[in-house]
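Quick notes on the structure that follows.
The values are calculated or read from the model by the stated rules, or taken from the named source; none is laboratory data. These numbers come from a predicted model, not from an experiment. Because the Cβ atoms are built from the backbone with ideal geometry, glycine has one as well, and the counts that use them run over all protein chains shown.
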There are 2 protein chains.
Amino acid sequence: MSLARLPPSDSPLYEQVRARLIEGISAGEWKAGEAIPSEADLAGGFGVAIGTIRKAVDSLVAERALVRRQGKGTFVTAHEGSRLLFHFFHIAGRDGRRVLPEVRTIAFRRDRADRETAQALAIAPADKVIRIRNVLSLEGRPRIVDDIALAAELFPGLTEKTFVARNNTIYHLYQSRYGINVLRTDERLRAVLAEGELAALLEVPPGAPLLEIRRIALTFRDRPVELRVSRVETSSHHYHNTLGKELG
Amino acid sequence: MSLARLPPSDSPLYEQVRARLIEGISAGEWKAGEAIPSEADLAGGFGVAIGTIRKAVDSLVAERALVRRQGKGTFVTAHEGSRLLFHFFHIAGRDGRRVLPEVRTIAFRRDRADRETAQALAIAPADKVIRIRNVLSLEGRPRIVDDIALAAELFPGLTEKTFVARNNTIYHLYQSRYGINVLRTDERLRAVLAEGELAALLEVPPGAPLLEIRRIALTFRDRPVELRVSRVETSSHHYHNTLGKELG
DNA sequence: AAGTGGTCTAGACCACTAG
DNA sequence: TAGTGGTCTAGACCACTTC
């Protein structure tokens, strides 16, 4: 049970509380969108002062694993609608405004992991994976091709139908159906040239420059959830990144 | 004087304290690398509890404007050596390790701002600017061309000689000589094709894909300091970005 | 009115740094 | 030993939400 006295330990109490909260969330004790116990209850349950609880919760709020709502409670982050979308979707138009992509799934198949995919997903080579190809359109024109690889073990029963029928972002599907909450991503960006099928899908001539984004999505404890390789046609859009300030 | 009682206000005390600290830092009252007054002194000076001071300092520490050193004090962030470099320099090798670039300045001239530069630097069109072109080499090969634009007004007396003679990063120069502390950057990334002089400088054929990074560096109150357009040859390196976790 | 998070206080004790 | 930040407590009062 998550709400039990803390065992003796060298680490600060607020770190222990923090760890317990992460446990509870990733074990599904409190699901996405649900409230965790009130600060007073947590303090009582863990046998620590309320200020200590607040410090632990503060750090999880800063990481966006929890959100506070005054007068209501503290909730496990729910990736509903555009909130999550824009947290991890960084393509913006010339004027800096973000545009909502329209997603079309053009391939969905089961496969075995090659060496690179296995390493990225921290699974064994030849383990089962699900591969998906999406074409994303911005303002009506195809601008992004996403190749997604998932460890099949983490997503039992995922079919093309349920995948395509989702009425929300992919990360929302991971969360609502499998309780997997994407908290962090690690991205590597390069410039490449369009060729073959990619060029055709993006409606650009072979040899056009594309932005390639190789992203690994991570959940609690930095466990990899998804490998995604995106190619973006950036003549009318760009990838937007802000460094430095993450807190108010 | 920064250490004076706070005036009546609606905003929380810790935000007022935070604003005063930012004032003191940007006014140069406490310079980069120097300690601010102890938490007890700040609490006494402002007439608030020490916990309130801690909350204000916490937020500035999270933004990396201050650093705490237990037993010694709280210091204004000093961008020494590789700390800053790697905070804002995101190019890494295939294995994910960051490599130290070798910088060569090939152009340094004074100019008037065009419309785009003026907008980026929040100055008037035709205001004086300094333009610099650097070639950065990674592992002995030219990989990046940087075109830098600075508002001349912010950098009085900056000459090619002092610029080239710096023995540290450019942001360190801004800080040590002009008291300008770069805290945040806003970057837009696109893929472009190499051509003309750029291709020659990077030793790639015209038509090779390059990663273009358009960066605006900001100091306190989001005041723009520098506009930098980088073109990166990404066949052996990539741009590395981590999203989500910014706090421990 | 009751319950929640948000702010703020006043103090205790610990761990680290320096003279 | 004195001074600094780091942790933790116990409580007060406020603002917001819900019934």
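Taking residue A:126, is it more than 14 Å from DNA strand C (Cβ to nearest atom) and either within 14 Å of another protein chain (Cβ to nearest Cβ) or more than 21 Å from the chain's Cα centre (by Cα) (or both)?
Taking the combined requirement at face value, the residue satisfies it.
Need pairs with beta-carbon distance below 7 Å; first residue closer than 11 Å to residue B:151 by Cβ and within the range B:112-123, second surrounded by 13 or more Cβ atoms within 10 Å (Cβ to Cβ) and small (Gly, Ala, Ser); sequence gap 6+ or separate chains.
Listed pairs, sorted by first residue: B:117/B:149; B:121/B:113; B:121/B:149; B:121/B:151; B:123/B:113; B:123/B:151.
Looking at the range B:25-75, which of its residues are within 9 Å of DNA strand D (Cβ to nearest atom) and among the polar types (S, T, N, Q)?
B:38, B:70, B:74
Looking only at residues that are closer than 13 Å to residue A:90 by Cβ and not β-branched (Val, Ile, Thr) in the range A:229-242, which one is farthest from the other protein chains (Cβ to nearest Cβ)?
Filtering the range A:229-242 for residues closer than 13 Å to residue A:90 by Cβ gives A:230, A:232, A:234, A:237-242.
Those still in the list that are not β-branched (Val, Ile, Thr) too: A:230, A:237-241.
Values: A:230: 12, A:237: 8, A:238: 4, A:239: 4, A:240: 6, A:241: 4 Å.
Among residues in the range A:229-242 that are closer than 13 Å to residue A:90 by Cβ and not β-branched (Val, Ile, Thr), the one farthest from the other protein chains (Cβ to nearest Cβ) is A:230.
Please list, ordered by residue number, the strands (runs of 3 or more DSSP E) wholly in the range B:61-172 having 2 or more residues that are small (Gly, Ala, Ser).
Here the list reads B:91-93, B:141-151.
State all residues of the range B:35-51 that are surrounded by fewer than 18 Cβ atoms within 10 Å (Cβ to Cβ) and near DNA strand C (Cβ under 8 Å from one of its atoms); if no residue qualifies, say none.
B:47, B:49, B:50, B:51
Could you list, in sequence order, all residues of the range A:104-143 that are under 19 Å from residue A:166 (Cα atoms) and touching a Leu at 6+ places or on another chain (Cβ under 7 Å)?
Correct list: A:130, A:135.
Does at least one position in the range A:168-182 carry a residue that is out of contact with any His (no Cβ under 7 Å at 6 or more places or on another chain) and within 9 Å of another protein chain (Cβ to nearest Cβ)?
Yes, some residue in the range A:168-182 is out of contact with any His (no Cβ under 7 Å at 6 or more places or on another chain) and within 9 Å of another protein chain (Cβ to nearest Cβ).
Condition (residue is within 16 Å of DNA strand C (Cβ to nearest atom) and aliphatic (A, V, I, L, M)) applied to the range B:79-92: is it met by at least one residue?
no
Determine whether residue B:32 is part of a strand (DSSP E or B), modelled with pLDDT under 95, away from DNA strand C (no atom under 15 Å from the Cβ) and not polar (S, T, N, Q).
Spelling it out, it is not the case that residue B:32 is part of a strand (DSSP E or B), modelled with pLDDT under 95, away from DNA strand C (no atom under 15 Å from the Cβ) and not polar (S, T, N, Q).
Please state which of the following conditions residue A:222 fails to meet, knowing it meets all the rest: (1) within 13 Å of chain B (Cβ to nearest Cβ); (2) over 17 Å from residue B:241 (Cβ atoms); (3) of a type in the set (Asp, Glu).
Here residue A:222 meets the rest and fails (2).
I'd like to know if the range B:13-26 contains one or more residues that are modelled with pLDDT under 85, within 21 Å of the chain's Cα centre (by Cα) and farther than 30 Å from residue B:232 by Cβ.
Yes, the range B:13-26 has at least one match.
Quick one: in the range A:57-69, which of the residues that are more than 12 Å from chain B (Cβ to nearest Cβ) and surrounded by 13 or more Cβ atoms within 10 Å (Cβ to Cβ) is nearest to DNA strand C (Cβ to nearest atom)?
At the first step, the residues of the range A:57-69 found to be more than 12 Å from chain B (Cβ to nearest Cβ) are A:57, A:66-69.
Next, from what is left, pick out any that are surrounded by 13 or more Cβ atoms within 10 Å (Cβ to Cβ): A:57, A:66-68.
Values: A:57: 7, A:66: 9, A:67: 9, A:68: 4 Å.
So the residue we want is A:68.
What residue, of A:212, A:195, A:187, is under 21 Å from residue B:211 (Cα atoms), within 12 Å of another protein chain (Cβ to nearest Cβ) and surrounded by fewer than 19 Cβ atoms within 10 Å (Cβ to Cβ)?
Working: A:212 fails: surrounded by fewer than 19 Cβ atoms within 10 Å (Cβ to Cβ); A:187 fails: surrounded by fewer than 19 Cβ atoms within 10 Å (Cβ to Cβ).
None of the other options fit; the residue is A:195.
Could you list, in sequence order, the residues of the range B:4-24 that are within 13 Å of DNA strand D (Cβ to nearest atom), surrounded by 12 or more Cβ atoms within 10 Å (Cβ to Cβ) and in a loop (DSSP other than H, G, I, E, B)?
Of everything in the range B:4-24, just one residue is within 13 Å of DNA strand D (Cβ to nearest atom), surrounded by 12 or more Cβ atoms within 10 Å (Cβ to Cβ) and in a loop (DSSP other than H, G, I, E, B), namely B:12.
Exactly one condition in (1) more than 14 Å from every other protein chain (Cβ to nearest Cβ); (2) surrounded by fewer than 14 Cβ atoms within 10 Å (Cβ to Cβ) is not met by residue A:116; state its number.
(1)
Just one of B:98, B:143, B:166 is surrounded by 12 or more Cβ atoms within 10 Å (Cβ to Cβ), of a type in the set (D, E, K, R), under 30 Å from residue A:120 (Cβ atoms) and at pLDDT below 90; which is it?
B:98
Quick one: what pairs do we get from the range A:89-102, first residue under 12 Å from residue A:239 (Cα atoms) and facing chain B (nearest Cβ under 10 Å), second at pLDDT below 85 and not in a loop (DSSP other than H, G, I, E, B), C-beta under 6 Å, 6+ apart or different chains?
Matching pairs, first to second residue: A:92/A:98.
Which of the residues that make up the range A:173-184 are in a helix (DSSP H, G or I), surrounded by fewer than 20 Cβ atoms within 10 Å (Cβ to Cβ) and touching a residue at least 12 places away in the same chain (Cβ under 8 Å)?
Hits for the range A:173-184 are A:176, A:177, A:178.
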